[in-house]
Amino acid sequence: TSPATVGESVDYKITGIDPGAGIMKATATAIEEYDLKDWKLIEGSGAAMTASLKKAYDKKEPIIITGWTPHWMFSKFDLKYLEDPKGVYGGEESIHTIARNGLKADLPGAYTVLDQFTWTPADMGIVMSSIQDGSSPEEAATTWIEGNAEKVAEWTKDAAKGNGEEVNLAYVAWESEIASTNVVAQVLESLGYKVTLRQVEAGPMWAGVADGSVDAHLAGWLPLTHKDQAEKFKGKYEDLGVSLKGAKTGLVVPKYMDINSIEDLKK
Ligand code: PBE
């Protein structure tokens, strides 16, 4: 017999990602706000979530995930965001570049590149998709840079060359940030800096910039997703502004599922 409700069909589970992600906090809020008492948010990682999605999708089975844009999953699978009438996931998000205080004085050329870095969801999508198709993040970044010399020239315009100085960038292993961080790292390297990439959790990423042990990160999702960290460390970092517009987070399901709103999870 087929399950009576969408909850039963997925065992009342929402497939989440790493516990430090802002989308996990928003989803815990959604469970409260929409009164989804029986539901559980399952922790994991971005990679584990997409593996579960693929497995369900291939069998046309129901699944509910914490999703975001830009992400290659939307080009690989037919997916939809569940409507969020209470606005728990906010509206449009932007990705900001967050630098440590003092970086401008210490490494002006690197600072200039980080400050001038902007690209589009389509640009990021190209890098994410080639990683998904089997390229290493480094290869995918190199290929994108080779094909986008004009854009890269805008980022490096008037930037002082480095002389082997070290630049520490932190990132979380979210597909979007793997793409951006590898691209910017290579551009900084080509300018003469020695870039170290550190993969960390979201909390330490923000804390590292605030305590100066990290020079910058490219993963500030605002105004909502990382609001807590942005407020907690206010004054202890410099927001270099938006690198990408048109980001979004929410609950995502395959289009073949017969629900459209988070409110439908109550039925
Ligand atoms: N994300 C991707 C992150 C920010 C980048 C939406 C999974 C988060 O929820 O914190």
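Going by the conditions given, is residue 5 within 16 Å of the ligand (Cβ to nearest atom) and closer than 17 Å to residue 265 by Cβ? Reasoning before the result, please.
Numbers: within 16 Å of the ligand (Cβ to nearest atom): no; closer than 17 Å to residue 265 by Cβ: yes.
No.
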What are the pairs with Cβ atoms under 7 angstrom where one residue, in the range 256-267, is assigned to a loop (DSSP other than H, G, I, E, B) and the other, located anywhere, is surrounded by fewer than 12 Cβ atoms within 10 Å (Cβ to Cβ)? Sequence gap at least six, or different chains. 256/60
Scan the range 203-216 and report the pairs whose first residue is in contact (Cβ under 8 Å) with a residue 60 or more places away in the chain and whose second residue is in a helix (DSSP H, G or I) and charged (D, E, K, R), with Cβ atoms within less than 6 Å and a gap of 6+ or a chain change. none
Taking residue 118 as the residue in question, decide whether it is in a loop (DSSP other than H, G, I, E, B), under 30 Å from residue 152 (Cα atoms) and either away from the ligand (no atom under 16 Å from the Cβ) or of a type in the set (Val, Ile, Thr) (or both). yes
Any residue at all in the range 140-152 that is in contact with an Asp or Glu (Cβ under 8 Å, 6 or more places away or on another chain), buried (at least 20 other Cβ atoms within 10 Å of the Cβ) and more than 23 Å from residue 17 (Cβ to Cβ)? yes
Whichever residue in the range 19-32 is surrounded by fewer than 19 Cβ atoms within 10 Å (Cβ to Cβ) and part of a loop (DSSP other than H, G, I, E, B) and, among such residues, is farthest from the ligand (Cβ to nearest atom): 19
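Quick note: the coordinates plus some simple rules give every number you see, no bench work behind them. Just so it is clear, the structure is predicted and the values come from calculations on it, not from any experiment. Please note: Cβ atoms are built from the backbone with ideal geometry, for glycine as well, and neighbour counts cover all protein chains shown.
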